[in-house]
Amino acid sequence: MMETKQVDWQGQWIWSNEPPELPNKMVYFRKQFDLKDSPKEINLHIYADSRYRVWINNNYIGFGPARHHSGHPTFDTYNVTKSIKPGLNIIAVQAHHYPDDAFPIFAVIKGGLICQLETESGTIITKSDDSWRCLVSAGYNIHNSHRYHEIFDARQEPIEWQNLPFDDSA
């Protein structure tokens with residue numbers, strides 16, 4: 001039987017500056033953070049409405065959230081110790097908020113992301129808050145009319161946005 005760990009959530013629910021109730025948005029999030037030492041274990045706790053993909057230092061970590069009852073969403077936890085190094089690091093998340101009527105298996109809530117990186121002792125390394133950089137994707141054109149018909153224009157994708165050298169100052 002798996003042991004379930006209780007998480008003391010310090011992260012905040014974040015989304016783009018556009019009205020969060022507007023569905024079918026693909027949004028990029030980024031956060032740089034500096035790690036002074038090398039903890040024995042680092043875990044990422046993450047949840048998004050409706051889906052996410054996550055990278056740390058351009059290493060693909062995973063996607064989710066895990067399947068759950070629409071009235072009882074669950075978060076995912078990844079051991080990311082091998083992806084993080086002392087010094088400057090980057091966490092990048094691509095989140096997609098489904099339209100309210102497209103998938104009745106999902107509870108209707110506002111689009112959002114919450115996550116945090118913490119050590120084995122519970123020390124928070126970084127967490128979702130209003131300091132994260134955010135960009136609504138211009139490359140995804142998602143239509144509700146055909147039950148999640150998605151068109152992706154790679155020319156609109158920010159190149160290497162999951163990497164540290166990416167300039168997100170604009």
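The values are calculated or read from the model by the stated rules, or taken from the named source; none is laboratory data. This is a predicted model, so every value here is computed, not measured. A quick note on method: Cβ atoms are made from the backbone with ideal geometry, for glycine too, and the neighbour counts reach across all protein chains shown.
Residues in the range 25-82 that are over 25 Å from Ser169 (Cα atoms) and in contact with a His (Cβ under 8 Å, 6 or more places away or on another chain) were compared, and the one that is modelled with the lowest pLDDT is Ser50. Condition first: of a type in the set (D, E, K, R), assigned to a loop (DSSP other than H, G, I, E, B) and touching a residue at least 60 places away in the same chain (Cβ under 8 Å). Now tell me which residues in the range 27-57 satisfy that. Across the range 27-57, the qualifying residues are Lys40, Glu41.
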